[in-house]
Ligand SMILES: Nc1ncnc2c1ncn2[C@@H]1O[C@H](COP(=O)(O)OP(=O)(O)OP(=O)(O)O)[C@@H](O)[C@H]1O
C-alpha cells in the first residue's frame, strides 16, 4: 500500500492585500524528508511556511496534514503535530532555558500542572539533544544567538511534532553554528521544511529542495538535479559556477559565485 504523504499542498495560492504572494503551488512532503525552501528575497518563502503553520488561513483543501484538511484541525491537534522555529523570536527572553523548553509541552496540556516524570524526562532528553543541560537555568537573554536557537529547537523537540518548520533559523548565526545546528536537526530524523538563504548549506543538508520565484514553484528535486548555473542565473540573478562538492561529489553540488555586479550594472 502506498504511504500517504505527511503534508500535501495542492494548488495553493495566497493573497496579501493587493499582492498575490503564492501562485498555484503543489508539492508534498513524505515522512522523514528534510526539505529546503529557497528563493530570492520576496519570493514567498515565509508566506508559504506561514500558510503551512496556519498563521495565514488558506482556502479549504489546499493543504492537508496526514490526509486531513489543515483548516479543519483543532488548534491543539495542529500544535501537537507541527512545531515552528523562527529566526530569533524575542518574546520569551525573560524565561530560563528550562522554561522555554517546557513550553513545548503546552499542546499536550502540560505546564499548567506539575510535570509528570515522563514529561520531565522528555524535557531533559531535549536539553541533552541540543547540548544545553549546563545552561538550563540561565535566562534566555543571557545566551548567545546560537544557544538561543538551540533552546527553541529543544522546545520544538519536546513538542514531539511530526513536522518541523523552520524559517531562516540560521540567518544570524556564524557558519560553525549554522552547520552544527542544522546537522543536529537533521540527526533527529524528523520531517523538516526549512527556508535557507545559503545555497551550499541547503545542498549539503537537504534531501530535496523547493525553489520559489515570484510565488511560484520553479524547481523541486534533489540538490544535484535542481541547482544548476542556469537556475542560479534565472532565479537568483547571479553568475556562478556549479561543480561537485569534494566531500560528497555524487550528492552535493558546490556553488561558487562570481562577483562584479555593480560594475556590470553601471556598464549597462
Ligand atoms: N502583510 C503583507 N501585505 C502585503 N504584502 C506582503 C505582506 N507581507 C509580505 N508581503 C509581500 O509578499 C511577498 C513575499 O514575502 P515573503 O516574506 O513571503 O518572502 P520571502 O521569500 O520569505 O522573502 P525574504 O527572503 O526576504 O525573507 C513580498 O513581495 C512581500 O513584500
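Quick one: in the range 180-205, which of the residues that are more than 20 Å from residue 161 (Cβ to Cβ) and within 16 Å of the ligand (Cβ to nearest atom) is surrounded by the fewest Cβ atoms within 10 Å (Cβ to Cβ)?
Selected residue: 197.
Which of the following residues is at pLDDT below 95, farther than 18 Å from residue 208 by Cβ and either within 16 Å of the ligand (Cβ to nearest atom) or buried (at least 21 other Cβ atoms within 10 Å of the Cβ) (or both): 87, 80, 75?
87
Does at least one position in the range 206-221 carry a residue that is assigned to a helix (DSSP H, G or I), within 16 Å of the ligand (Cβ to nearest atom), more than 14 Å from the chain's Cα centre (by Cα) and touching a residue at least 60 places away in the same chain (Cβ under 8 Å)?
Looking through the range 206-221, none of the residues is assigned to a helix (DSSP H, G or I), within 16 Å of the ligand (Cβ to nearest atom), more than 14 Å from the chain's Cα centre (by Cα) and touching a residue at least 60 places away in the same chain (Cβ under 8 Å).
Taking the range 1-25, which residues are within 12 Å of the ligand (Cβ to nearest atom) and out of contact with any strand residue (DSSP E or B) (no Cβ under 8 Å at 6 or more places or on another chain)?
Selection gives 16, 17, 18, 19.
If you go through the range 26-55 one residue at a time, how many are within 16 Å of the ligand (Cβ to nearest atom) and either in a loop (DSSP other than H, G, I, E, B) or touching a helix residue (DSSP H, G or I) at 6+ places or on another chain (Cβ under 7 Å) (or both)?
Number satisfying all stated conditions: 12.
Consider the range 56-84. How many of its residues are touching a residue at least 60 places away in the same chain (Cβ under 8 Å) and assigned to a loop (DSSP other than H, G, I, E, B)?
Counting residues in the range 56-84 that are touching a residue at least 60 places away in the same chain (Cβ under 8 Å) and assigned to a loop (DSSP other than H, G, I, E, B) gives 2.
Looking for whichever is under 17 Å from the mean Cα position of the chain (by Cα), in a strand (DSSP E or B) and closer than 20 Å to residue 92 by Cβ here; the options are 153, 165. Which one fits?
165
The values are calculated or read from the model by the stated rules, or taken from the named source; none is laboratory data. Just so it is clear, the structure is predicted and the values come from calculations on it, not from any experiment. Positions of Cβ are backbone-derived with ideal geometry, glycine not excepted, and every protein chain shown enters the neighbour counts.
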